[in-house]
Amino acid sequence: MQKLIKNDKILLYKVIEKNIKHSYIKPQDGYVLITKSKHMPLERITNRLLDKFDYYLESTKKIKEDILYVWNKPYRLIVNEGKIFSYQIVDDVIIVNSKDNNYLNIKVRILKEELKNYLLSIRDEVVEKLHKNNYYEVPLKLKYLRSKYGSYNINKKKEEYIVLNVYLATLEKEFTLYVLYHEYAHQKVKNHQKDFYKGLNKLYKDHREYQKKIKKKRLNIWYFMIL
């Protein structure tokens, strides 16, 4: 185990070198695990750690696995054995019935359901705004993503769809709106040039505010890639 020191604070890290294309930073409980490409200098990675020292130090603090944030509110999970998955939110507790006792799987299922229900509740409003600005509705897929909040996609059959990260359901609902409209803006402009932001501004006028805010959020998936 090695360490970096900044402002009298200590960040522990461990390095594993592999014959891979990219290098990865993965915060663990109490330290940072670096999976390093043989072709990347370690100094480049440690400089990244130093640049975002407090961020990575905070990321190494253990998160209790029985705590789940839903729409920016913390809940304690109580998991009971059951053949059919179900959950109920009571005050500050989520009571879960599940045959799978893996907390990550349980959290993903809850967040996916919460996000799906919210998107259904705002669908009419969203579709109306899309049509008003000459966009069209595409299917939404909800997934547990490791490094992004959403994406606009076209498959081999030329079918268009948007993928949203279920992690959005841990944040305030406004972030889901921002990401959803951000991805729809890619329907006309694939990059992030001036025309893209013109379109996004018509769909969601508060996009600049939430773009800044979402950059300060951290995806609690503990997986970061260094290109």
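Laboratory data are not the source of any read-out in this text; all were calculated from the coordinates shown. Please read these numbers as outputs of a predicted model, since none were measured by experiment. In this analysis, Cβ positions are derived from the backbone assuming ideal geometry, glycine residues included, and neighbour counts consider all displayed protein chains.
Can you give the FRET efficiency to the nearest 0.05 for K99 and Y161, using r as the Cβ-Cβ distance and R₀ = 45 Å?
Once rounded, the FRET efficiency stands at 0.90.
Given the stretch 111-227 reduced to its alpha-carbon atoms as identical point scatterers, what log10 I(q)/I(0) does the Debye formula return at q = 0.14 Å⁻¹? For the requested q values the scattering log ratios are -0.58. State which stretch of the chain is the longest one without any exposed GluC sites (Glu not before Pro), exposure meaning a DSSP loop state and at most 15 other Cβ atoms within 10 Å. Between exposed loop sites, the widest span is 66-136.
With 20 Å as the limit, the listed pairs K21/K52; K107/K217; K148/K217 have K21/K52 beyond it between alpha carbons. Were the residues from L42 through K215 laid out at 0.36 nm apart, the gain over their Cα-Cα distance would be 59.7 nm.
Multiplying the residue separation of K73 and K21 by 0.36 nm and removing their Cα-Cα distance gives an extension gain of 14.9 nm. Taking amide H as placed 1.01 Å from N in the peptide plane, the amide H of W71 sits under 5 Å from that of T170, L171, each at least 5 places away or on another chain. Label separation (L120 vs I84): 1.6 nm, computed from points 7 Å beyond Cα along the C-beta direction.
Classify the stretch 109-164 as rounded, prolate or oblate from the Cα gyration tensor: take a ≥ b ≥ c as the square roots of its eigenvalues, call it rounded if a/c is under 1.5, otherwise prolate when a/b beats b/c and oblate if not. It comes out oblate by the Cα gyration axes.
Based on alpha carbons, the Rg and Dmax found for the stretch 1-103 are 18.8, 52 Å. All distinct Cα pairs of the chain go into the 1/r average, and the inverse of that average, the Kirkwood radius, is 19.9 Å. Taking the square roots of 5 times each eigenvalue of the Cα gyration tensor of the stretch 52-156, largest first, gives ellipsoid semi-axes of 30, 21, 14 Å. Of the trypsin sites (Lys or Arg not before Pro) found in the stretch 64-133, the ones in coil according to DSSP and having at most 15 other Cβ atoms within 10 Å of their Cβ are K64, K83, K99. What whole number of Å gives the distance from the Cα centroid of the stretch 75-105 to the Cα centroid of the stretch 158-177? Rounded to whole Å, the Cα centres lie 23 Å apart.
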